[in-house]
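Computed from the coordinates by the stated procedures, all read-outs in this text should not be read as laboratory data. Please read these numbers as outputs of a predicted model, since none were measured by experiment. Counting neighbours? That spans all protein chains shown, and the Cβs are built from the backbone with ideal geometry, glycine included.
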Amino acid sequence: MQKIVTFLWFDGQAEEAVKFYTSVFKDSKIITIARYPDSVPGFGGKVLTAVFELNGQRFMALDGGPQYKFNEAISLFINCDGQQEIDYFWNKLIADGGRESQCGWLKDKFGLSWQVVPANMGELMQPGDAAKGGRAVQALMKMSKINIKELAEA
């Protein structure tokens with residue numbers, strides 16, 4: 001059993017979010033869904049908690065109401081194997097109301113922040129040549145979605 005599980009608080013969208021995330025990541029599944037009893041005003045029948053896995057990583061979602069919102073202080077980081085995978089996750093996660101940010105960051109339609117980056121990001125940003133590394137940082141600062149070729153050529 002995974003000892004540390006990321007817990008995500010949603011405002012009435014937990015079930016939609018869980019279904020969306022498990023459709024985006026290929027090796028994923030919904031493990032359990034527990035619902036509020038009908039006797040809970042405003043929440044009856046909605047997801048109380050849902051446990052799901054994305055690529056073997058376990059998460060729990062809660063429909064807790066409007067008290068808390070996601071912000072950029074926490075994000076989920078996706079190590080991508082090449083530009084095609086970056087493009088895939090980027091396009092899926094910004095679809096239907098998501099928003100691009102800077103340097104490989106985005107917010108999905110639920111407001112959750114993601115970083116979609118190449119698995120070799122460290123090598124691209126710190127190539128052993130300080131001048132080249134500086135150019136790579138400057139190139140990255142101009143990007144929303146990361147372009148591996150442009151970083152490598154910087």
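Details
- Net charge, T6 excluded, C-beta distance under 14 Å - Lys, Arg +1, Asp, Glu -1: +1
- In the chain the Cα-Cα distances spread across 10 Å bins starting at 0 as 10, 35, 30, 16, 6, 2, 0 percent of all pairs.
- Among beta bridges that DSSP assigns inside region 70-154, antiparallel share in %, nearest 5: 45
- Taking the C-alpha atoms only, the angle from helix 130-141 to the longest principal axis of the chain is near 40 degrees.
- 13 Å beta-carbon shell around V40, net charge (K/R +1, D/E -1): 0
- For region 25-39 versus region 42-90, the inter-centroid distance based on Cα atoms is 13 Å.
- Charged-residue dipole, Cβ positions (Lys, Arg, Asp, Glu), the chain about Cα centre, Debye nearest 20: 140
- Highest-first arrangement of 128-138, 50-60, where packing means the average Cβ count within 10 Å: 50-60, 128-138
- Model label sites at R99 and A131, defined 7 Å from Cα along the beta-carbon direction, differ in position by 4.0 nm.
- Residue among Y88, Y21, Y68 with the largest mean-square fluctuation in a Gaussian network model of the chain, springs linking Cα atoms under 10 Å: Y68
- Averaging the sequence gap over all C-alpha pairs within less than 8 Å and six or more residues apart, then dividing by the number of residues, gives region 1-92 a relative contact order of 32 percent.
- Relative to the dominant Cα principal axis of the chain, helix 83-94 is inclined by about 40°.
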